[in-house]
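J.: Just passing along the structure, written as C-alpha cells.
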Amino acid sequence: MINPAGVFSRTTATIAIAAGAFALVLLYAPIAGLALLSFSTRPLSGIPWPMTMEWYASLFEGDNARWVEPLVTSVGVGLIVSALATVAAVVIGRLIPLLKRRAGLLAAYLSVLVMPGILVGVAVLFFYRGLLDIRTGLWSVVLVHFVWALPFALLCILIVAVRFDHRLVEAARDLGAGAFRTFLDIELPLLRPGIVASVFFSFLLSFNELPRTIYTRGGITTLPYYIWTASAAHSSQVSLIYALSAIIMAASFILVLIATRVLMRNN
Amino acid sequence: MAVLTTLWAIGVLLPIMSLVLISFLQGRGLSFLWTFSFSAYASVFVDYRIETILRSLRVVGLVTLIELALAFPFALWLAKGIREGWTKSILLVLLVVPFFLSPAARTIVWRPILGREGLINSMLMGSGVTDTPMDWLLFTEFAVHLGLIGPYFPSMVWPIFISISLIDDELIKAARDLGATPLQALRDVVLPLSVPGIVAGVIFTAIPMLGDNVATTLLGGGRVSLMAETFDDLVRAMNYPGAAALGSAMLGAFLVIAIIIVLAFARLRSSATNPFESMKA
C-alpha cells in the first residue's frame, strides 16, 4: 500500500515526489557536479571530459600546497569547538528535561540557530573588538563557531535525553552511588549516541563554517575562508579548489553518515 | 548549568543585543563615540541601500515561497505517504547531510554550468539550438534564485515533516471514513495541525537566507547584491554603526516574527487543539 494514512491519491503522490525530487536535484546536482568536474582537464568549461588526475596530483606541489596550513587550523578549531560544544550540551541537555520551566532556557540557546551568520559575526566583532577593545583571533573564531555548533549539539543530546528514564539515576543513588559515579556509569552510557553525534556534527559545523569566520577571524585563515577567497577571485587556483573541495566534501559526507547511523541506531 | 547560562547570556546574547546600542552611537575607526544619534540609520536607509534591502526581501520572499510549495507536498508524502523503511531513511539522511557541507564548495559549481562558456551554453550551441550564448543564466537574479533553492530546501522540509509526523493517522482516517475526500482531509485536518511546522519552516529558511553571502557573491557576481553585501560594504567602509543599524533592523524583524509566533501558538492552544472539536458546532 502506497498510502497508509489515506491523504494521497496516485496523482497527488506523484506531484509530491516530483516536487521533492526537483529540489533534491537542485541540492545534489552541484555536489555531484563538483566531484565530476574535479577530474576534468578544464573544470571551468563545465565539461567533465577528458578526465585527468592532474589536479589531485598537483595539490601537493610547491605553492599549490598552501591549503595545508588552513586545513591544520580548521581541524584544530573544529576539535576545540567540538569538545567545548559537546561538554556544554551534555551539561545543559541532561538537566533540561527535568526542569519545569524550560521554554525560556531552550529559547535562549536555540534562538541563535535562526540568526543569520553574518549578524552573529558582526555582533561579536563590534562588541569585543569595538566596545571592549580585545583583539580578534583564534579565540573569537572558536567563540562564533561554538555559538553556531551548540544549538545542534544540544539538539543531539536532547533527542536522547528526553527518552531517558530518570528512575535509573534514582535507583543508582538509592543503591549508594555518588553523583559522579551515577553520571559515569548510568547517564554517560545512555547519552552516548547523542554525545557521539554531537562530537561529529559540531566538528563538521565548525570545519565548514564561513560567514561568521569572515568577520571574526583576525589573522586566522580557516580552510573554508581560504577556499572562499580563492574561488571568489578568478584565479588560476580555481581548478585546484575543485579537487580540494571534492575531497573535503567526500570526507564530510562520510562523517555525517557515521554520525546519523549512531544517532538512529538508538531510536 | 547556571554558570554556563550566565556566560552564554553575557558572552553571546549580550553582544548580539549590543548591536542596538552601537547603532545609536557614532563611530570613529573601531571605537565608538558615546553620543546618541540617528545618523547610522540615516546612512543605511538611503536610496541605493533601500533598493538593496527591498531586493533582498523580494528574492528571499520568492525563494521562501518556492521552498514552501516544494517542501510541503514532499514533507507530507514523507510523513504520511511512505512507510518506514530504507527509502524513507535514505531520503531523511539526504536531507541531513547538506547542513554539514561547505556552502561555498557546492555553490561554485553553478558557475561553469551556467556561465557564458559553460555547460548549458556549449550544449545548446553545439546542438545548434542557438548560436549566441545566453547571458541571463549567470550573474543574474535567476542564478541567485537557482542557487538558493537547493541549500535551503532541508530547512523547510524538516519542521513541516516533524509537525505532520506528529499528527495521529487515526485522525486522518476518521475524517476519510466520515466521507471527506483526500483534499478535504488535507485542508481541514492536516493543514491546521501543521501550521506550527510551516511557520517554523518559513523562519528557519527565510532568516538565514537573508544573511546568505555565498549564493549572491558567487552567482550574483556583484550585480545582484543582497543584504550580506551591504553588511560587507558598511564594514569595509568602516561605517560600523551603520552595519549595527542594519543588524538591529534585522534583529527587530526577528523579534516581531517571534512575538507573532508566540501569540499565534497561544491562540492555537486556547482554541480547539483537536480539529473534530471545532466540527461539533
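J.: Could you pull out the residue among A:87, A:114 that is of a type in the set (A, V, I, L, M, F, W, C) and at pLDDT 80 or above?
T.: Values: A:114 fails: at pLDDT 80 or above.
Checking each option against the conditions leaves just A:87.
J.: What number of residues in segment B:60-88 are away from chain A (no Cβ under 11 Å) and of a type in the set (Ser, Thr, Tyr)?
T.: Total satisfying the criteria: 1.
J.: Follow-up. Do we find that residue B:207 is at pLDDT 80 or above and under 21 Å from residue B:45 (Cα atoms) in this structure? Write out each step before concluding.
T.: Numbers: at pLDDT 80 or above: yes; under 21 Å from residue B:45 (Cα atoms): yes.
Taking the combined requirement at face value, the residue satisfies it.
J.: Just checking, how many residues over segment B:224-235 are in a helix (DSSP H, G or I) and away from every other protein chain (no Cβ under 11 Å)? Spell out the reasoning first.
T.: In the first step, residues of segment B:224-235 are kept if they are in a helix (DSSP H, G or I); the result is B:227-235.
Checking the rest, the ones that are also away from every other protein chain (no Cβ under 11 Å) come to B:233.
So the answer is 1.
J.: Determine whether segment A:185-197 contains at least one residue that is under 27 Å from residue B:212 (Cβ atoms) and touching a residue at least 12 places away in the same chain (Cβ under 8 Å). Give the steps one after another, and end with the answer.
T.: Pass one, segment A:185-197, residues under 27 Å from residue B:212 (Cβ atoms): A:197.
When the remaining residues are screened for being touching a residue at least 12 places away in the same chain (Cβ under 8 Å), the result is A:197.
Yes, because at least one residue in segment A:185-197 is under 27 Å from residue B:212 (Cβ atoms) and touching a residue at least 12 places away in the same chain (Cβ under 8 Å).
J.: Of the residues A:146, A:183, which is more than 8 Å from chain B (Cβ to nearest Cβ) and more than 24 Å from residue A:224 (Cα to Cα)?
T.: That would be A:183, the only listed residue that is more than 8 Å from chain B (Cβ to nearest Cβ) and more than 24 Å from residue A:224 (Cα to Cα).
J.: Would a scan of segment A:121-136 turn up a residue that is under 30 Å from residue B:22 (Cβ atoms), touching a residue at least 40 places away in the same chain (Cβ under 8 Å) and surrounded by fewer than 14 Cβ atoms within 10 Å (Cβ to Cβ)? Give the steps one after another, and end with the answer.
T.: Of the residues in segment A:121-136, the ones under 30 Å from residue B:22 (Cβ atoms) are A:121-136.
Within this subset, residues satisfying the condition of being touching a residue at least 40 places away in the same chain (Cβ under 8 Å) are A:121-122, A:124-125, A:135-136.
Now narrow it down to the ones that are surrounded by fewer than 14 Cβ atoms within 10 Å (Cβ to Cβ): A:135.
Checked segment A:121-136: at least one residue is under 30 Å from residue B:22 (Cβ atoms), touching a residue at least 40 places away in the same chain (Cβ under 8 Å) and surrounded by fewer than 14 Cβ atoms within 10 Å (Cβ to Cβ).
J.: Can you tell me which of (1) in contact with a Phe, Trp or Tyr (Cβ under 9 Å, 6 or more places away or on another chain); (2) without any contact (Cβ under 8 Å) to a residue 12 or more places away in the chain; (3) away from chain B (no Cβ under 11 Å) is the one residue A:79 doesn't meet?
T.: (2)
J.: Which condition does residue B:156 not pass, out of (1) out of contact with any Gly (no Cβ under 6 Å at 6 or more places or on another chain); (2) of a type outside the set (S, T, N, Q); (3) buried (at least 23 other Cβ atoms within 10 Å of the Cβ), if it passes all the others?
T.: Of everything listed in (1) out of contact with any Gly (no Cβ under 6 Å at 6 or more places or on another chain); (2) of a type outside the set (S, T, N, Q); (3) buried (at least 23 other Cβ atoms within 10 Å of the Cβ), residue B:156 misses just condition (1).
J.: I would also like to ask the following. Just need a number here: residues in segment A:160-180 that are crowded, with 17+ Cβ neighbours inside 10 Å and of a type outside the set (Phe, Trp, Tyr).
T.: Initial filter on segment A:160-180 (crowded, with 17+ Cβ neighbours inside 10 Å): A:160-161, A:164, A:169, A:172.
Restricting the remaining residues to those that are of a type outside the set (Phe, Trp, Tyr) gives A:160-161, A:169, A:172.
Going through segment A:160-180 one residue at a time, the tally reaches 4.
J.: Of the numbered conditions (1) under 19 Å from residue A:88 (Cβ atoms); (2) facing chain B (nearest Cβ under 7 Å), residue A:126 satisfies every one except a single condition; which is it?
T.: Among (1) under 19 Å from residue A:88 (Cβ atoms); (2) facing chain B (nearest Cβ under 7 Å), residue A:126 violates only (1).
J.: Can you tell me which of B:216, B:205 is polar (S, T, N, Q), farther than 28 Å from residue A:16 by Cβ and either under 16 Å from the mean Cα position of the chain (by Cα) or assigned to a helix (DSSP H, G or I) (or both)? I'd like the intermediate steps shown before the answer.
T.: Values: B:205 fails: farther than 28 Å from residue A:16 by Cβ.
Criteria check complete, one pass: B:216.
J.: Name the residues in segment A:96-120 that are surrounded by 14 or more Cβ atoms within 10 Å (Cβ to Cβ) and without any contact (Cβ under 8 Å) to a residue 60 or more places away in the chain, would you?
T.: Across segment A:96-120, the qualifying residues are A:105, A:106, A:108, A:109, A:110, A:111, A:112, A:113, A:114, A:115, A:119.
J.: For segment B:125-148, indicate whether the set of residues that are surrounded by 23 or more Cβ atoms within 10 Å (Cβ to Cβ), free of Cβ contacts under 8 Å to residues at least 60 places away in the same chain and facing chain A (nearest Cβ under 9 Å) is non-empty.
T.: In the first step, residues of segment B:125-148 are kept if they are surrounded by 23 or more Cβ atoms within 10 Å (Cβ to Cβ); the result is B:138, B:143-144, B:147-148.
In the following step, the residues that additionally are free of Cβ contacts under 8 Å to residues at least 60 places away in the same chain were identified as none.
No; the residues of segment B:125-148 include none that is surrounded by 23 or more Cβ atoms within 10 Å (Cβ to Cβ), free of Cβ contacts under 8 Å to residues at least 60 places away in the same chain and facing chain A (nearest Cβ under 9 Å).
J.: Go through the residues of segment B:85-92 one by one and say whether even a single one is at pLDDT below 90, out of contact with any strand residue (DSSP E or B) (no Cβ under 9 Å at 6 or more places or on another chain), outside any loop (DSSP other than H, G, I, E, B) and farther than 20 Å from residue B:162 by Cβ.
T.: yes
J.: Name the single residue, out of those in segment B:89-108 being more than 7 Å from every other protein chain (Cβ to nearest Cβ) and within 17 Å of the chain's Cα centre (by Cα), that is farthest from residue B:153 (Cα to Cα). Let's see the steps before the verdict.
T.: Quick first cut of segment B:89-108, residues more than 7 Å from every other protein chain (Cβ to nearest Cβ) only: B:89-92, B:95, B:99.
If we keep only those that are within 17 Å of the chain's Cα centre (by Cα) as well, we get B:95, B:99.
On the way: B:95: 8, B:99: 10 Å.
Out of the qualifying residues, it is B:99.
J.: Could you look through segment B:118-170, keep only residues that are assigned to a loop (DSSP other than H, G, I, E, B) and aromatic (Phe, Trp, Tyr), and pick out the one that is farthest from residue B:210 (Cα to Cα)? First the steps, then the outcome.
T.: Let us first name the residues in segment B:118-170 that are assigned to a loop (DSSP other than H, G, I, E, B), namely B:118, B:127-140, B:166-168.
Adding the requirement that they be aromatic (Phe, Trp, Tyr) leaves B:136, B:139.
Details: B:136: 23, B:139: 18 Å.
Among those that are assigned to a loop (DSSP other than H, G, I, E, B) and aromatic (Phe, Trp, Tyr), it is B:136.
J.: Among what's in segment A:1-54 and is at pLDDT below 75 and polar (S, T, N, Q), pick the residue that is surrounded by the most Cβ atoms within 10 Å (Cβ to Cβ).
T.: So, considering only residues that are at pLDDT below 75 and polar (S, T, N, Q), the one surrounded by the most Cβ atoms within 10 Å (Cβ to Cβ) is A:3.
J.: Also, quick follow-up: Checking residue B:111 against (1) within 7 Å of another protein chain (Cβ to nearest Cβ); (2) among the basic types (Lys, Arg); (3) within 30 Å of residue B:132 (Cβ to Cβ), only one condition comes out false. Which one?
T.: (1)
J.: What pairs come up if the first residue lies in segment A:200-224 and is closer than 16 Å to residue B:214 by Cβ, the second is assigned to a loop (DSSP other than H, G, I, E, B) and at pLDDT 85 or above, and their beta carbons are under 6 Å apart, counting only those six or more places apart or on different chains?
T.: Between residues of segment A:200-224 that are closer than 16 Å to residue B:214 by Cβ and residues that are assigned to a loop (DSSP other than H, G, I, E, B) and at pLDDT 85 or above, the close pairs are A:213/A:222; A:224/A:208; A:224/A:210.
J.: Applying the selection to segment B:176-188, what residues are at the interface with chain A (Cβ under 9 Å from one of its Cβ atoms) and among the small types (Gly, Ala, Ser)?
T.: B:185
J.: Filtering segment A:191-219 down to residues that are surrounded by fewer than 19 Cβ atoms within 10 Å (Cβ to Cβ) and over 12 Å from residue A:156 (Cβ atoms), which residue is nearest to the other protein chains (Cβ to nearest Cβ)?
T.: Looking at residues that are surrounded by fewer than 19 Cβ atoms within 10 Å (Cβ to Cβ) and over 12 Å from residue A:156 (Cβ atoms), I get A:218.
J.: Out of all the residues in segment B:107-122, is one or more exposed (fewer than 15 other Cβ atoms within 10 Å of the Cβ), acidic (Asp, Glu) and in contact with a helix residue (DSSP H, G or I) (Cβ under 9 Å, 6 or more places away or on another chain)? Write out each step before concluding.
T.: The first filter runs over segment B:107-122 and keeps only residues exposed (fewer than 15 other Cβ atoms within 10 Å of the Cβ), leaving B:116-117.
Applying the additional criterion that residues be acidic (Asp, Glu) yields B:117.
Applying the additional criterion that residues be in contact with a helix residue (DSSP H, G or I) (Cβ under 9 Å, 6 or more places away or on another chain) yields B:117.
Yes, segment B:107-122 contains at least one residue that is exposed (fewer than 15 other Cβ atoms within 10 Å of the Cβ), acidic (Asp, Glu) and in contact with a helix residue (DSSP H, G or I) (Cβ under 9 Å, 6 or more places away or on another chain).
J.: With the condition being over 23 Å from the mean Cα position of the chain (by Cα), I'd like the helices (runs of 4 or more DSSP H) fully within segment A:166-266 carrying at least 1 qualifying residues. Full working, then the answer.
T.: On the way: elements: A:167-174, A:179-182, A:188-207, A:211-216, A:223-232, A:238-266.
Answer list for segment A:166-266: A:167-174, A:179-182, A:188-207, A:238-266.
J.: Inspect segment B:194-204 for any residue being facing another protein chain (nearest Cβ under 9 Å), crowded, with 21+ Cβ neighbours inside 10 Å and small (Gly, Ala, Ser) and give the result as yes or no.
T.: Scanning segment B:194-204, I find no residue that is facing another protein chain (nearest Cβ under 9 Å), crowded, with 21+ Cβ neighbours inside 10 Å and small (Gly, Ala, Ser), so the answer is no.
J.: On the basis of being within 12 Å of chain A (Cβ to nearest Cβ), without any contact (Cβ under 8 Å) to a residue 24 or more places away in the chain and under 29 Å from the mean Cα position of the chain (by Cα), does residue B:120 make the cut? Steps first, answer last, please.
T.: Details: within 12 Å of chain A (Cβ to nearest Cβ): yes; without any contact (Cβ under 8 Å) to a residue 24 or more places away in the chain: yes; under 29 Å from the mean Cα position of the chain (by Cα): yes.
The answer is yes for residue B:120.
The values are calculated or read from the model by the stated rules, or taken from the named source; none is laboratory data. Note that the coordinates shown come from a computational prediction; the quantities given were computed from them, not determined experimentally. Reconstructed Cβ throughout: ideal geometry from the backbone, glycine too, with neighbour counts over all protein chains shown.
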